[in-house]
Amino acid sequence: MTERLKEPYFVKDKAFFKSLFRIMLTVALQNFLNYSVNMADNMMLGSYGQSELSGVACVSQIFFILNSLFGNLGASFSVLAAQYWGQKRTDKINGLGAILLKVDLCIGLIFFLLATFIPGQLVSIFTSDAVIAQKGVEYLAILKWTFIPYSISYMLMDMLRNVETVAIAFYMSIISLVINVFFNYLFIFGSWGLPEMGVSGAALATLIARCAEVAVLVFYVAAIDKKLHFFRSGILKWDKALGASFAKMALTVVPAGMGWAIATPVQTALIGQLSADAIAANSVTSTFYQLFKVIAQAMSSASAVIIGKTVGARDFVKARSGARTVELLALGIGIILGAMLFAVRGPVLAFYKLTPEAEKLTGQMLLIMCFVMVGMAYEVPVLFGVIRAGGDAKFTSFVNIGAMWLIVMPLAFLAVFVWHLDVIWVVMIIQSEQLIKCIPAFIRVRQYDKWIRVVTDK
């Protein structure tokens, strides 16, 4: 204890901040560009037809599940890979990457087969409208071909990020955005003499963009990257010991992560039970909240790499001071993001043509999200960037699933179906999850001996 009192409370090493902010800003820009691709698709299809837009929105729920699976498997990989990176054991990172590649490819193949043999049943889960369902099936018929290349590119980006190579993902996102928007323009509307394809055109544009992504990444990893030499490391092999470590971590991370992901559409459905104005207000609020949220998520990704690397190198003093530094930075970022969201409330409301009641609800929801933003920006980097990457994945999984399904969701169901509360109260209950998780995050991050664990093999 005496030794800990003498250690620096915050990190003073400039290299720490340089690495942290370089990764954070690059990942944030990459996430923003990815989000912009989705917004561009929505805007271009929205100007083409409402049924087409709704059909694509239904299919996006299927892709959301696929993306969540890749994300949680990637998080399991990152806990181990970041610590191996701290030990400079790139052979282990390559071995883990080979395992993740096979798992992601299998999942991509399963989704491809489902989309091939039961596309109507998949889309009908999210809509009962025959016209919308048909548009969704048309879109899925082409989009399914993106699942395999996307599984490869997602896995390669996970590998590169954990060895602090992030710029290529940013440049790739720019290429993807330009390609997607350009071919959307050509194929959706039938520009430059091409046939008008509608939703099929949007899917084809996405397929071209995904193929370009994976081509750029494969070329970079094979010909330019000097850290991993992944394609020369025996990617067809399966290391049993690494496989067991990965499986153990995935069984901790994935179920909790998917449980949280499933709650998102359930929450949307609950708000949809209240009124059409509530649906519109929630849609507008969610769009802008997600736009700001990319900063906090990027901070979490950067913290995971840096803290995991530090713990892997067994520099526990720096891990403790690094955790406190991330806490302070995350809180500051949250306050700034909350203030920025508050500042744009007026322009946001002026941009949309909403009913008076929907406009009122939107303003109230945005105000709530300003406070929620502070809590979210703190708990996400601390729980997932520090504690989980530091080696305590079980605790973060318990908090993540417990806060959502043991506290927030039961209260939300009671609020809607039993207590019949107003929309704003329901929204406050649903969003309280972000604030509730701050309490265990604040307590646990100070219990250094419980979360600082070297989880890699010797």
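Condition test on A330, is it in contact with a Gly (Cβ under 7 Å, 6 or more places away or on another chain) and closer than 30 Å to R89 by Cα?
Values: in contact with a Gly (Cβ under 7 Å, 6 or more places away or on another chain): no; closer than 30 Å to R89 by Cα: yes.
No: the conditions fail for A330.
Which count do you get for residues in segment 139-149 that are modelled with pLDDT of 90 or more and either in contact with a Gly (Cβ under 7 Å, 6 or more places away or on another chain) or over 19 Å from L204 (Cβ atoms) (or both)?
Qualifying residue count, segment 139-149: 2.
Which residue, of A205, A244, A223, is open to solvent by 40 Å² or more (accessible area, probe 1.4 Å), farther than 27 Å from L25 by Cα and part of a helix (DSSP H, G or I)? Quick ask: steps written out before the conclusion?
Working: A205 fails: open to solvent by 40 Å² or more (accessible area, probe 1.4 Å); A223 fails: farther than 27 Å from L25 by Cα.
A244 is the lone residue from the list that is open to solvent by 40 Å² or more (accessible area, probe 1.4 Å), farther than 27 Å from L25 by Cα and part of a helix (DSSP H, G or I).
Filter segment 1-30 down to the residues that are surrounded by fewer than 13 Cβ atoms within 10 Å (Cβ to Cβ), part of a helix (DSSP H, G or I) and at pLDDT 75 or above and list them by number.
Here is the first cut: in segment 1-30, the residues surrounded by fewer than 13 Cβ atoms within 10 Å (Cβ to Cβ) are 1-7, 9, 12, 14-15, 18.
Of the ones still in play, those that are also part of a helix (DSSP H, G or I) are 2-6, 14-15, 18.
Residues satisfying the conditions are K14, A15, K18.
So, in segment 81-95, exactly how many residues are among the hydrophobic types (A, V, I, L, M, F, W, C) and either over 19 Å from the mean Cα position of the chain (by Cα) or surrounded by fewer than 24 Cβ atoms within 10 Å (Cβ to Cβ) (or both)? First the steps, then the outcome.
Step one: of segment 81-95, the residues among the hydrophobic types (A, V, I, L, M, F, W, C) are 81-82, 85, 93.
Next, from what is left, pick out any that are either over 19 Å from the mean Cα position of the chain (by Cα) or surrounded by fewer than 24 Cβ atoms within 10 Å (Cβ to Cβ) (or both): 85, 93.
Matching residues across segment 81-95 total 2.
Given the options A393, A441, name the one that is modelled with pLDDT of 95 or more, small (G, A, S) and farther than 30 Å from K360 by Cα. Full working, then the answer.
On the way: A393 fails: modelled with pLDDT of 95 or more.
A441 is the lone residue from the list that is modelled with pLDDT of 95 or more, small (G, A, S) and farther than 30 Å from K360 by Cα.
From the list A141, A98, A133, A115, pick out the single residue that is open to solvent by 30 Å² or more (accessible area, probe 1.4 Å), over 20 Å from the mean Cα position of the chain (by Cα) and not basic (K, R). Spell out the reasoning first.
Numbers: A98 fails: open to solvent by 30 Å² or more (accessible area, probe 1.4 Å); A133 fails: open to solvent by 30 Å² or more (accessible area, probe 1.4 Å); A115 fails: open to solvent by 30 Å² or more (accessible area, probe 1.4 Å).
Exactly one residue qualifies, and that residue is A141.
So T362 ticks every box in (1) open to solvent by 40 Å² or more (accessible area, probe 1.4 Å); (2) under 26 Å from the mean Cα position of the chain (by Cα); (3) at pLDDT below 90; (4) not acidic (D, E) but one. Which box is left unticked?
(1)
Please work out which residue is modelled with the highest pLDDT, limiting yourself to segment 183-202 and to residues that are open to solvent by 60 Å² or more (accessible area, probe 1.4 Å) and either more than 22 Å from A133 (Cβ to Cβ) or of a type in the set (S, T, Y) (or both).
Taking the candidates together, the pick is Y185.
Just need a number here: residues in segment 161-182 that are touching a Leu at 6+ places or on another chain (Cβ under 8 Å) and open to solvent by less than 50 Å² (accessible area, probe 1.4 Å). Even if it seems obvious, please write down each step before you answer.
The first filter runs over segment 161-182 and keeps only residues touching a Leu at 6+ places or on another chain (Cβ under 8 Å), leaving 163, 166, 168-170, 172-174, 176-177.
Within this subset, residues satisfying the condition of being open to solvent by less than 50 Å² (accessible area, probe 1.4 Å) are 163, 166, 168-170, 172-173, 176-177.
Counting residues in segment 161-182 that are touching a Leu at 6+ places or on another chain (Cβ under 8 Å) and open to solvent by less than 50 Å² (accessible area, probe 1.4 Å) gives 9.
Listed here are the residues, each with its yes/no results for (1) among the hydrophobic types (A, V, I, L, M, F, W, C); (2) within 11 Å of I271 (Cα to Cα); (3) more than 23 Å from the chain's Cα centre (by Cα).
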position: F398; (1), (2), (3): yes, no, no
position: F413; (1), (2), (3): yes, yes, yes
position: V418; (1), (2), (3): yes, no, yes
position: I436; (1), (2), (3): yes, no, no
position: P440; (1), (2), (3): no, no, no
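Which is within 30 Å of A205 (Cα to Cα), in a helix (DSSP H, G or I), open to solvent by 40 Å² or more (accessible area, probe 1.4 Å) and at pLDDT below 90, of L45, L53, L33?
Exactly one residue qualifies, and that residue is L53.
Mind checking which residues of segment 118-130 are in a helix (DSSP H, G or I) and open to solvent by less than 70 Å² (accessible area, probe 1.4 Å)?
P119, G120, L122, V123, S124
Can you name the residue in segment 311-355 that is touching a Phe, Trp or Tyr at 6+ places or on another chain (Cβ under 8 Å) and among the β-branched types (V, I, T) and, of all such residues, is most open to solvent (accessible area, probe 1.4 Å)?
Among residues in segment 311-355 that are touching a Phe, Trp or Tyr at 6+ places or on another chain (Cβ under 8 Å) and among the β-branched types (V, I, T), the one most open to solvent (accessible area, probe 1.4 Å) is V344.
The values are calculated or read from the model by the stated rules, or taken from the named source; none is laboratory data. Everything numeric here is computed off the predicted structure, so don't read it as measured data. In this analysis, Cβ positions are derived from the backbone assuming ideal geometry, glycine residues included, and neighbour counts consider all displayed protein chains. The area values use the complete protein model at the heavy-atom level, side chains included, leaving out ligands, DNA and RNA. Shrake-Rupley method; radii C 1.70, N 1.55, O 1.52, S 1.80 Å.
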